[in-house]
Amino acid sequence: MWLCRLFFTSLLALLSCYFPLPGLAHDGLSVHDAASRLLERLRSSDTPPALGSKDTGALLRLLQPDERRAFAENHVYFRSSQPVEVQLAFDVKVEQEAFWLKEAGFAPGRKVAQYAGRGFRVWKKSYPAGEVRLGVNSFSGRGFHYLVGLRPLTQGSPVTISESYPAGLQLVECAPGQRPYRDIEYALESCPAGLSGTQIVQVASESRRDARVLDVLRSTVFPAGDFPDQLVMTWAGDPQTTQSLQWRSSEQANWGKVRLERLDDDGRVLETRTLNAERSLLVDDDLVNDTRVARYSQALSALKPGTKYRYSIGRSDGSGWARPGEFSTAPAQPESFSFVYMGDAQNGLDQWGKLAVTAVREEPEARFYIMAGDLVDRGNERDDWDNLFGYGAQMFGHRPLVPVIGNHEVHGGNPDLYLKLFDLPKNGPAGIAPERAYHFTYGNALFVILDSNLEPASQAEWLDQVLAQSDAKWKFAVYHHPAYSAKPERSHKGVRKHWVPIFDRHKVDVVMQGHDHSYLRTFPLKDGKQVSEGEGTVYVLSVSGTKMYEQAPGDYAEFTLENTATYQTLDIRIEQDRLIYHAYDGNARLVDSFEIRKDTGR
């Protein structure tokens, strides 16, 4: 039913563009046109300013008179059938961006109330019967859209509104179960404090972004230069025989050659190849100090297992080579190895970079690094990736990365930039985009990477087949949204329903998760119940950045840790047939550990 309502609302908005419904005419410039014109003017200036969420004052000084009026009056308007007190419940995080409130004569309430986990303040102003014009929610697009409540100032017939913009605005009682927004299926649990007895004007939640001009034009701390950087190694095929390299330079530079040397155990060169990398441009008109960069990718294939290689990135005309790096292919036969797993980096990437440097220093023999989603906060904004690659350069240039898609990689609708930046296996489920889910085998261990942003059921059959067809002794799964969270209500029901039974059936050893910004390790679990070591799956949740969540763990948790960024090492010992797990904080202090032992028959 809600899909039908959403379709009808979208259709109504579309039709109104061609067959306008009765309403007040725009008094001058529209909000959309004012925002577009302002951004275009800023982009075309000699030194475009990067305006952040705290730069409302600077922004207002840049507005032309008709733009300021549009932002102050042309966001929502209607005619009221009688005198009313207009009450606006504003998210306190963005109310300072609504410059027009005081200018229009709205008086702020003294108290900040809480509703749905957010603080809000009610602003009030009385209007005679007739026209009511309201300004934009914010310039940053943050927070929830303000609620519009109408309280009649005279006794008699109920308030009605007409000639509205957006067209077709409706009134509902401020009461439990009512929807304050016309475009989403969100219902009030109760009438927010200060709005009791009012009728709510159903505005569009999505319109909170109509005037977004702050945090649109940005600058990067790590602009591209004449020298190649942002080197990242990934796998797009078998780790025994392939290795992919990715890097960037400025658009003007051209570093499109790769020299690959196969080495013997003493470091002597046995074979040399020179290859031409794929080159593409990444363009972001809103990144004011680094709009266009060159991005390169080279998939190395037909490599020999268990072999050391040295590579150098060179200018396309052969006039110079960058400092060489090295990698080793996976062994032909199983042998002991270790790898590092991290939860969300996302926020505070400068601090995360220090933890990454510690992991590289303390675990020099780790073969690769797994990051369980939310590598960045703004997944389709290149400057955030610049921070990740800049602060994590020592880690990414050291060993291959195994990335996972988190919800912040899909900000903007699709993980477009993520998929452009990484060359990954294309062996995922039919029906979903390549590289969003994949699997690979390293030594005697299978790794299955899942995308929990998509419907878990869409990957269940493929997951079952991949696990069933593998004869690997050790089996791992990695995804973002946890089946077992640090608060049970934050656990992903779809993951638990569709994937956990498959993990049980195929005896997956460890599941690595992210998203919940805390540290948790479960007991070995099977059918949702605690079982003996080696008889069930251990689920681990961790965070490596600076954003933390409170915990209230369920009875499935064996160990938890709050407010601590960690990295984890998983060491597979072939000779002893066991897995040794250690978790460390940013000072390399051991905070958790466990082991799994297997008999030789399993």
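Express the carbon and sulfur contribution to the solvent-accessible surface of the chain as a percent, rounded to the nearest whole number, probe 1.4 angstrom. Don't skip to the answer; put the middle values down first.
Working: 12840 of 26090 Å².
On the chain, the fraction of accessible area on carbon and sulfur atoms equals 49 percent.
Counting Lys and Arg as +1 and Asp and Glu as -1 over every other residue whose Cβ lies under 15 Å from the Cβ of Glu278, the net charge comes to +4.
Taking the Cβ-Cβ separation of Asn254 and Lys102 as r and a Förster radius of 51 Å, what is the calculated FRET efficiency to the nearest 0.05? Mind showing how you got there, number by number?
Numbers: r = 54 Å, r/R0 = 1.07.
FRET efficiency, Asn254 to Lys102: 0.40.
Over the chain, what relative contact order in percent results from Cα pairs under 8 Å that are six or more residues apart? Computed over the chain, the figure is 10 percent.
For Gln199, what is the net charge nearby, where nearby means another residue's Cβ is under 10 Å from its Cβ and Lys, Arg count +1, Asp, Glu -1? Please list the in-between numbers first.
Working: positive: Arg151; negative: Glu173.
Once positives and negatives cancel, what remains is 0.
Maximal additional length on extending the Ser190-Ser319 stretch stands at 39.5 nm, based on 0.36 nm per residue less the C-alpha distance.
A simple packing score, the average count of other Cβ atoms within 10 Å per residue, orders the peptides 39-47, 312-320 as 312-320, 39-47, with the highest score first.
With +1 on the Cβ of every Lys and Arg and -1 on the Cβ of every Asp and Glu, and nothing else charged, how large is the dipole of the chain about its Cα centre, in debye rounded to the nearest 20? Let's see the in-between values first.
Details: 68 positive and 77 negative charges, 148 e Å.
Result for the chain is approximately 720 debye, rounded to the nearest 20.
3J(HN,Hα) along segment 473-484, derived from phi through the Karplus expression 6.51 cos²θ - 1.76 cosθ + 1.60 where θ = phi - 60°, amounts to 5, 10, 10, 10, 10, 9, 7, 8, 7, x, 6, 10 Hz, with x in place of Gly and Pro. Evaluated with a Cβ-only charge set (Lys, Arg +1; Asp, Glu -1), segment 378-501 carries a dipole of roughly 420 debye about its Cα centre, given to the nearest 20. Remark: spin-label model distance Gln64-Ala457 equals 5.3 nm, labels positioned 7 Å along the Cα→Cβ axis. Shown here: Cα extents along the principal axes in Å, derived from the displayed model; of the candidates [x] 212, 62, 38; [y] 90, 62, 44; [z] 116, 75, 73, it corresponds to [y].
Note that segment 28-40 has calculated 3J(HN,Hα) couplings of x, 5, 7, 4, 4, 5, 5, 5, 5, 5, 4, 5, 5 Hz, one per residue in order, obtained from phi through the Karplus relation 6.51 cos²θ - 1.76 cosθ + 1.60 (θ = phi - 60°); glycine and proline are x.
Straight-line cross-link reach from Lys304 at under 19 Å between alpha-carbon atoms covers these aspartates and glutamates, not counting any fewer than eight positions away in the same chain: Asp238, Glu261, Asp264, Asp265, Asp266, Glu271, Glu326, Glu335. Building the convex hull from the alpha-carbon atoms of segment 74-117 and averaging its projection over directions returns 4.4 nm².
So which GluC sites (Glu not before Pro) in segment 93-200 end up in coil per DSSP with only 10 or fewer other C-beta atoms within 10 Å? Write down the numbers at each step before the final one.
Values: sites: Glu95, Glu97, Glu103, Glu131, Glu163, Glu173, Glu185, Glu189; in loops: Glu185, Glu189.
Here the GluC sites (Glu not before Pro) that fit, given the DSSP loop and packing criteria, are Glu189.
Straight-line cross-link reach from Lys547 at under 30 Å between alpha-carbon atoms covers these lysines, not counting any fewer than eight positions away in the same chain: Lys54, Lys93, Lys111, Lys354, Lys420, Lys475, Lys487, Lys493, Lys497.
Using the Cβ-Cβ distance between Arg110 and Ser44 with R0 = 45 Å, the FRET efficiency computed as 1/(1 + (r/R0)^6) comes to roughly 0.50. The H on the amide N of Gly406, modeled in the peptide plane, is under 5 Å from the matching H of Asp374, Leu375, each at least 5 residues off or on a different chain.
Per-residue 3J(HN,Hα) values for segment 181-189, derived from phi via the Karplus relation 6.51 cos²θ - 1.76 cosθ + 1.60 with θ = phi - 60°, read 10, 7, 10, 9, 8, 9, 10, 5, 7 Hz in sequence order (x marks Gly and Pro).
Accessible surface of Val112, taken over heavy atoms with a 1.4 Å probe and every protein chain present, rounds to 70 Å².
From helices alone, the chain scores -5000 deg cm²/dmol at 222 nm; the rule is -39500 (n - 2.57) for each run of n ≥ 4 DSSP H residues, then divide by the residue total. Taking the Cα of Glu575, stepping 7 Å toward and past its beta carbon, and measuring to each backbone N in segment 432-462: which are under 11 Å? The answer is none, because no backbone nitrogen lies closer than 11 Å to the label point.
Accessible area per residue for the chain in Å², computed with a 1.4 Å probe and the full protein assembly in place, what is it? All intermediate terms of the calculation are to be shown ahead of the outcome.
Numbers: 26090 Å² over 602 residues.
Normalised by residue count, the accessible surface of the chain is 43 Å².
Can you give the FRET efficiency to the nearest 0.05 for Asp464 and Thr274, using r as the Cβ-Cβ distance and R₀ = 56 Å? Using R0 = 56 Å, I get an efficiency of 0.80.
The values are calculated or read from the model by the stated rules, or taken from the named source; none is laboratory data. On a predicted model such as this, the values are computed, not experimentally measured, just so you know. Virtual Cβ from ideal backbone geometry, glycine too; neighbours counted across all protein chains shown. To get the accessible areas, we keep the full protein, side chains included, count just its heavy atoms, and leave off ligands, DNA and RNA. Shrake-Rupley method; radii C 1.70, N 1.55, O 1.52, S 1.80 Å.
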